[in-house]
Amino acid sequence: MEIDPLPNGTGSNATTTTTETTVTATLPTATSNTTPSSKLSQLTESLKLEHQFLCVPFEHYKKTIRANHRTAEKEVSAVISSVADIADSNEISKDDAVLSLTSLVSRLQGLKRKLEEGSRTENLQVQNCRARLDHLESVDAENLSEWNNVRFKRILVDYMLRMSYYDTARKLAESSKIEELVDLEVFQEAKKVVDALKNQEVGPALAWCAENKSRLKKSKSKFEFQLRLQEFIELVRAENYMRAILYARRYLAPWGATHLKELQLVMTTLAFRSNTECTKYKVLFEPKQWDFLVDQFKQEFYKLHGMTLEPLLNIYLQAGLSALKTPCCFEDGCTKEDPLSQENFRKLAMPLPYSKQHYSKLVCYITKELMDTESPPQVLPNGYVYSTKALKEMAEKNNGKITCPRTGLVCNYSDLVKAYIS
């Protein structure tokens, strides 16, 4: 719902005005009147937010190396163990020995194929890291505008991937030819777990926890515990109480030393059942618990891959909104031109501090320029305030007539009253 703006003054005796600030959002775009040196200086500062840009592919590369190493180590250990068993056996026949060795050769050939495939994957990921380094090194004063345009598209793709708009993100990346500069493959891995959780399945999420067990343990994550609790709740919902008890003994009991209170709370559902009206336990059976698990997984996923917990788009927008936020932005009289008149921007700005304003500033609605001694504010009969520069230009084009762009009021230039701000 749009709210009509209040006048910027109350008549010729107006002494106070609403503070307005013209600060543009800090999404990366180049301005034509900035010197090359200052552009590069600004870019150097903004590149500090590019930690995720390099960290994500590098973390993905390390993960692939670890997985390939585990596979090779497991297969080689099994082959060595089998060879040792054959060598130590005194009763094995020649045919059985040949058969066993043939089986081992087939197993080693399978391992070779896996290692070759893993090597190709590693090479692709190394190329991905190199492409991103080259992209960062390619920026200079001449191509800064184009480079910022690519960066803006990367930020949009990042936001779409986090919001689960995978197909749209892929199309934008492909049409902009920035596939190597965005994390489509990484988020595709997350998509499988997110889709499963939305379908109330914990299997893929538990497999992901097992795959990243050491790193989750190092970060003291309790995501796996939350998954186990939810699986227990589903058994209670299905009235499969004996199976729920056995499940708790096997999977929940080991967490008792560190999460005893949560464990006691969930175990009590065996007595209250899924149809309970007790709020404390009823909430455990609500569908929103699955939404909580989806959010929890995303947070853990971002941490493991070195991503910011908030989308980059939100971070840049909040940087701009922090300069715009004042107490009057949340009042009913907030003008429609102020981004903080929109509810979505207000939510983004909620955790931000108010902007520090040393002096009041008036910005002309028509020219978007500051009203100062060179172009002082003038008040129309209806109370709206505009700059002298804008009103003079309008009067010259319309034979001394002024038309208020907000209300349509027509008056003579001689009817205007100069405003004095104290």
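The values are calculated or read from the model by the stated rules, or taken from the named source; none is laboratory data. Remember, predicted model here, so these are calculated numbers, not experimental data. Positions of Cβ are generated from backbone atoms using ideal geometry, with glycine treated the same way; all protein chains shown enter the neighbour counts. All accessible areas refer to the heavy atoms of the entire protein, side chains included, with ligands and DNA or RNA removed. Shrake-Rupley method; radii C 1.70, N 1.55, O 1.52, S 1.80 Å.
Heavy-atom accessible area for SER93, with the other protein chains in place and a 1.4 Å probe, reaches approximately 50 Å². Applying a DSSP loop filter and a limit of 15 other Cβ atoms within 10 Å to the GluC sites (Glu not before Pro) in the range 203-288 leaves GLU239, GLU277.
Applying the criteria of a DSSP loop state and at most 16 other Cβ atoms within 10 Å to the GluC sites (Glu not before Pro) of the range 92-123 yields no site. Which of rounded, prolate, oblate describes the chain, given a ≥ b ≥ c as roots of the alpha-carbon gyration tensor eigenvalues and a/c under 1.5 marking rounded, otherwise prolate only if a/b is larger than b/c? Judged from the Cα gyration tensor, the chain comes out oblate (a/c at least 1.5, b/c at or above a/b).
Classification of the range 71-213 by its C-alpha gyration tensor yields a prolate form. The axis ratio a/c (a ≥ b ≥ c) is 1.5 or more, and a/b outweighs b/c.
Averaging Cα coordinates gives a centre for the range 199-238 and one for the range 301-323; these two points are 26 Å apart. Taking 0.36 nm per residue of separation and subtracting the Cα-Cα distance, full extension of the segment from THR276 to VAL126 would add 48.5 nm. A straight chain from LYS177 to LEU246 at 0.36 nm per residue would run longer than the Cα-Cα distance by 19.6 nm. Within the range 318-369, the GluC sites (Glu not before Pro) that combine a DSSP coil assignment with at most 15 other C-beta atoms in a 10 angstrom radius are GLU331, GLU337, GLU369.
Between ILE86 and SER214, the modelled label-to-label distance comes to 3.1 nm, taking each label 7 Å out from Cα in the direction of the beta carbon. Taking each of LYS62/LYS191; LYS153/LYS217; LYS325/LYS389 in turn, the alpha-carbon distance tops 32 angstrom for LYS153/LYS217.
When ARG250, ARG66 are compared by accessible area at a 1.4 angstrom probe, the order from most to least is ARG250, ARG66. Taking 0.36 nm per residue of separation and subtracting the current Cα-Cα distance, fully stretching the chain between THR71 and SER119 would add 16.0 nm. In the range 298-344, the portion of solvent-accessible area held by carbon and sulfur atoms comes to 51 percent [1.4 Å probe, whole percent, DNA, RNA and ligands not counted].
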